[in-house]
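Please read the structure below before turning to the comments.
The values are calculated or read from the model by the stated rules, or taken from the named source; none is laboratory data. Computed from a predicted structure; not experimentally measured. All Cβ positions, even for glycine, are placed from backbone atoms using ideal geometry, and neighbour counts span all protein chains on display.
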Amino acid sequence: MAEHTDEAILEATYQALCKHGYPATSISRITDEFDKSTSLLYYHYEDKENLFEDLLCHLLDQLEEQLVDFDQEGPYDYLMAVIDQLLPTQVNNNQFRFQRALLELRSQAPHIDAYHKQFERFDEFVLSEFTTAIENGIERGVFREIDPEQTAEFIYSAVYGALERGVTLEDASLLQQTRQTLEEYVRANMLVEK
């Protein structure tokens, strides 16, 4: 029962955040999305920041699980699958809402230590996935001898920059262009010529 209540609270928080943005999302607005009482919400969470901290953890865990679930043939396919997951070319309203919610929370990371730690953990995870894929590609002779960590940083920075611009401007073409350019970069600069 408590698990269901926690999930309902997180879903209500997510809906309120997507509708109103970070600054305007209050406990009252979260309660408007929650079919139970305000007192129940306060029973589970002391304040808005605790609630957003759990929501952020939940959203990032979901994204990590999606990235880990890939079952690809080789390093190139895995690398491109991770890029596709982070930077989808077909963006529907739910994906934009999800990414916007993350951007809203990320914008608070310089001010709220708990958010900063969550994003630091997530960024380390993504960079590790990219780095491991590149290292595996080098070992298997798929990728050239390049610096895996530096290349992973470059790819993730390009992905994140495109996400921030594309989601903020609600322009899926920015995501599509960056995805295409990254694929061209990987093919031209990373793949071993055959």
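Residues are listed down the side, and each one gets a yes or a no for (1) part of a helix (DSSP H, G or I); (2) modelled with pLDDT under 85; (3) under 18 Å from His58 (Cβ atoms):
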site: Ala8; (1), (2), (3): yes, no, yes
site: Thr13; (1), (2), (3): yes, no, yes
site: Ala16; (1), (2), (3): yes, no, yes
site: His20; (1), (2), (3): yes, no, no
site: Asp35; (1), (2), (3): no, yes, no
site: Tyr42; (1), (2), (3): yes, yes, no
Quiz item: Mind checking which residues of segment 80-120 are surrounded by 16 or more Cβ atoms within 10 Å (Cβ to Cβ) and among the hydroxyl-bearing types (Ser, Thr, Tyr)?
Solution: Tyr115
Quiz item: Given Gly141, Gly161, Gly166, which one is at pLDDT 95 or above and over 24 Å from Glu73 (Cα atoms)?
Solution: Gly161
Quiz item: Based on what the data block shows, is Phe154 of a type in the set (Phe, Trp, Tyr) and in contact (Cβ under 8 Å) with a residue 40 or more places away in the chain?
Solution: no
Quiz item: Among the candidates Glu153, Glu120, which residue alone is under 14 Å from the mean Cα position of the chain (by Cα), at pLDDT 95 or above and acidic (Asp, Glu)?
Solution: Glu120
Practice problem: State all residues of segment 59-79 that are modelled with pLDDT of 90 or more and either surrounded by fewer than 18 Cβ atoms within 10 Å (Cβ to Cβ) or under 10 Å from the mean Cα position of the chain (by Cα) (or both); if no residue qualifies, say none. | Solution: Asp77
Quiz item: How many residues are among the small types (Gly, Ala, Ser) and surrounded by 13 or more Cβ atoms within 10 Å (Cβ to Cβ) if we restrict to segment 121-178?
Solution: 7
